[in-house]
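Here the structure is laid out as structure tokens; the discussion comes afterwards.
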Amino acid sequence: MAMRPPMPMPALSRRARVILGVIAVLVVVLSILGTLTTEYVDYLWFAETGYTSVFWTELSTRVVLFLVVGAATGLAVAGNLILAYRSRPAFRPMSLEQQNLERYRVAIEPRRKLLLIGIGIAMAVFSGFSAQGSWQTWLLWRNGTEFGITDPQFGMDVSFFAFDYPFYRLVLGFLFAIVLLSLAGAAAVHYVFGGIRLQSKGDRFSSGARLHLSVLLGVFVLLKAFAYYLDRFGLVFSDRNGITTGASYTDVTALLPAKTILMFVAAICAIAFFANIFFRNFALPALALVLLIVSSLAIGGAYPAIVQQFIVRPNADQREAPYIERNILATRAAYGIDEVAYQPYVGETELAVSELRNDEATLPNARLLDPNVLSDTFTQLQQIRNVYGFPERLDIDRYTIDGEVQDFVVGVRELDSEALTGNQTTWIN
């Protein structure tokens with residue numbers, strides 16, 4: 001069966017290429033000018049306040065993060081694209097799918113190095129810009145010191161949750177991004193160059209594509225196992241009960257064991273993907289992946305919800321008491337009032353007549369009526385005239401009567417249209 005020659009991809013004219021190049025240069029120049037302007041204004045402010053060292057520390061950290069993370073991302077993605085291209089099959093079975101892909105291969109091949117460099121630079125720039133915004137997280141981790149206070153749940157110094165945990169989360173997020181970008185790019189290259197044949201009746205993956213994608217998927221699931229490990233420590237930031245922040249009864253008794261189990265399930269799933277290097281299909285890793293998904297829904301989602309609904313809510317006061325006590329103790333320690341000495345005060349209930357005479361001028365001003373609750377009372381006094389009403393909160397005022405200043409609860413009597421009934425709602429009443 002002969003294959004028809006591939007249709008050539010339409011090429012841009014010289015004028016179109018020049019216009020696109022000029023637009024790209026203008027976008028880059030304007031972006032750089034905007035960034036430099038912002039940084040210069042910040043420098044002037046720091047110089048005025050005498051803290052230029054802070055400015056240079058921030059700027060140098062952002063530049064280093066941009067270069068390091070950008071280079072790591074760009075090299076990782078470009079390296080996986082190169083590996084996917086070099087592991088392409090030498091011979092591809094003839095099919096309509098491969099015939100349609102041939103024109104893309106013909107168009108890509110002369111520009112392969114240029115596309116590779118462009119994709120690597122683009123990934124490096126985007127990831128670098130994202131990383132430089134997290135300069136505070138890096139500096140806090142780099143210069144963090146211990147607090148000398150132990151977390152009651154994990155027995156770790158509290159500084160871990162202030163400095164280390166956010167940094168590990170940041171690194172994990174970038175590793176996830178690198179692996180996902182590499183996986184997507186490698187899968188696309190394998191597909192275009194025949195390593196993945198979706199419409200083939202035989203083996204749909206070449207040995208190179210199977211090995212490459214298995215490793216990337218294994219690394220991704222292994223990172224997921226580490227994410228479950230970090231999720232355990234993230235429970236100290238839980239606000240499940242809506243009142244306090246910290247691990248609650250459900251978090252400690254249900255979600256913490258669930259995260260540990262899911263961590264081991266993800267590790268087993270990663271081993272299954274790595275083992276697929278020696279097999280010729282994805283049946284085993286697919287089964288392991290389904291197990292991970294089902295486990296995350298059942299163990300990580302349904303089980304904690306059941307515990308919260310049927311164990312905690314019916315007896316929340318007793319279940320949550322130890323964890324609320326933790327929050328109270330931590331709050332007192334944070335505000336420096338954890339070592340307050342409590343001294344009971346017993347008031348005297350017996351007064352002498354002379355003491356009452358001394359307070360004779362003050363006692364008449366003691367407020368007996370609460371203006372926040374008297375609105376309903378005033379409204380009830382107007383029951384005969386239901387068209388009247390008073391505001392929910394009344395006011396306190398003082399008037400001089402018989403030469404003495406007295407407190408009065410005052411409010412504006414208003415027409416209440418919602419209280420009108422029957423013919424009171426019409427002109428004929």
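Between residues in region 153-172 that are outside the structural domain of residue 232 (by TED's automatic domain parsing) and in contact (Cβ under 8 Å) with a residue 40 or more places away in the chain and residues that are part of a loop (DSSP other than H, G, I, E, B) and not aliphatic (A, V, I, L, M), which pairs lie under 8 Å by C-beta distance while being six or more apart or on different chains?
Close Cβ pairs (under 8 Å, with a partner that is part of a loop (DSSP other than H, G, I, E, B) and not aliphatic (A, V, I, L, M)) amount to 160/151; 161/151.
Can you tell which of 222, 217, 262, 255 is part of a helix (DSSP H, G or I), surrounded by fewer than 21 Cβ atoms within 10 Å (Cβ to Cβ) and in contact (Cβ under 8 Å) with a residue 12 or more places away in the chain?
From the options 222, 217, 262, 255, the qualifying one is 222.
Of the residues 327, 365, which single one is modelled with pLDDT of 75 or more and out of contact with any Pro (no Cβ under 7 Å at 6 or more places or on another chain)?
Answer to the selection: 327.
For region 236-252, enumerate the residues that are part of a loop (DSSP other than H, G, I, E, B) and either at negative phi or basic (Lys, Arg) (or both).
If the condition is that a residue be part of a loop (DSSP other than H, G, I, E, B) and either at negative phi or basic (Lys, Arg) (or both), then 238, 239, 240, 241, 243, 244, 245, 247, 248 are the ones that fit.
Quickly run through region 358-406 and pick out the residues that are in the same structural domain as residue 420 (by TED's automatic domain parsing) and among the hydroxyl-bearing types (Ser, Thr, Tyr).
375, 377, 379, 388, 399, 400
Quickly run through region 57-79 and pick out the residues that are among the polar types (S, T, N, Q), buried (at least 17 other Cβ atoms within 10 Å of the Cβ) and within 19 Å of residue 46 (Cβ to Cβ).
61
If you take the residues in region 412-423 that are closer than 8 Å to residue 389 by Cβ and at pLDDT 75 or above, which one is surrounded by the most Cβ atoms within 10 Å (Cβ to Cβ)?
If we take residues in region 412-423 being closer than 8 Å to residue 389 by Cβ and at pLDDT 75 or above, then 413 is surrounded by the most Cβ atoms within 10 Å (Cβ to Cβ).
Rundown of residues vs (1) of a type in the set (Ser, Thr, Tyr); (2) modelled with pLDDT under 75, yes/no style:
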position: 3; (1), (2): no, yes
position: 6; (1), (2): no, yes
position: 18; (1), (2): no, no
position: 23; (1), (2): no, no
position: 53; (1), (2): yes, no
position: 57; (1), (2): yes, no
position: 78; (1), (2): no, no
position: 109; (1), (2): no, no
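Which residue pairs have Cβ atoms under 7 Å apart, sit 6 or more places apart or on different chains, and have a first residue in region 40-66 that is within 17 Å of residue 142 (Cα to Cα) and a second that is surrounded by 11 or more Cβ atoms within 10 Å (Cβ to Cβ) and of a type in the set (Asp, Glu)?
59/39
Among the residues that make up region 235-246, is at least one of them out of contact with any strand residue (DSSP E or B) (no Cβ under 8 Å at 6 or more places or on another chain), of a type in the set (D, E, K, R) and under 16 Å from residue 295 (Cβ atoms)?
No, region 235-246 contains no residue that is out of contact with any strand residue (DSSP E or B) (no Cβ under 8 Å at 6 or more places or on another chain), of a type in the set (D, E, K, R) and under 16 Å from residue 295 (Cβ atoms).
On the basis of being surrounded by 11 or more Cβ atoms within 10 Å (Cβ to Cβ) and outside the structural domain of residue 238 (by TED's automatic domain parsing), does residue 409 make the cut?
Judged against the criteria, residue 409 is a match.
Of the residues that make up region 142-154, is at least one crowded, with 19+ Cβ neighbours inside 10 Å, under 15 Å from residue 189 (Cβ atoms) and either at pLDDT 90 or above or over 34 Å from the mean Cα position of the chain (by Cα) (or both)?
no
Considering each residue of region 353-369, count those that are part of a loop (DSSP other than H, G, I, E, B) and either exposed (fewer than 10 other Cβ atoms within 10 Å of the Cβ) or among the small types (Gly, Ala, Ser) (or both), and give that number.
Number of matching residues: 6.
Go through region 186-207 and give me each residue that's touching a residue at least 24 places away in the same chain (Cβ under 8 Å), over 11 Å from residue 280 (Cα atoms) and crowded, with 18+ Cβ neighbours inside 10 Å.
186, 187, 189, 190, 193, 194, 195, 197
Yes or no: region 125-139 includes at least one residue that is closer than 30 Å to residue 208 by Cα, assigned to a helix (DSSP H, G or I) and in contact (Cβ under 8 Å) with a residue 60 or more places away in the chain.
No: zero hits.
How do the helices (runs of 4 or more DSSP H) wholly within region 270-352 filter down when requiring 3 or more residues that are touching a residue at least 24 places away in the same chain (Cβ under 8 Å) and of a type in the set (A, V, I, L, M): which remain?
Filter on region 270-352 gives 283-297, 316-334.
Considering each of 335, 323, 249 in turn, give the residue that is among the hydroxyl-bearing types (Ser, Thr, Tyr), surrounded by fewer than 14 Cβ atoms within 10 Å (Cβ to Cβ) and either closer than 27 Å to residue 148 by Cα or out of contact with any helix residue (DSSP H, G or I) (no Cβ under 8 Å at 6 or more places or on another chain) (or both).
335
The values are calculated or read from the model by the stated rules, or taken from the named source; none is laboratory data. All of these numbers come straight from a predicted model, not from anything done at the bench. All Cβ positions, even for glycine, are placed from backbone atoms using ideal geometry, and neighbour counts span all protein chains on display.
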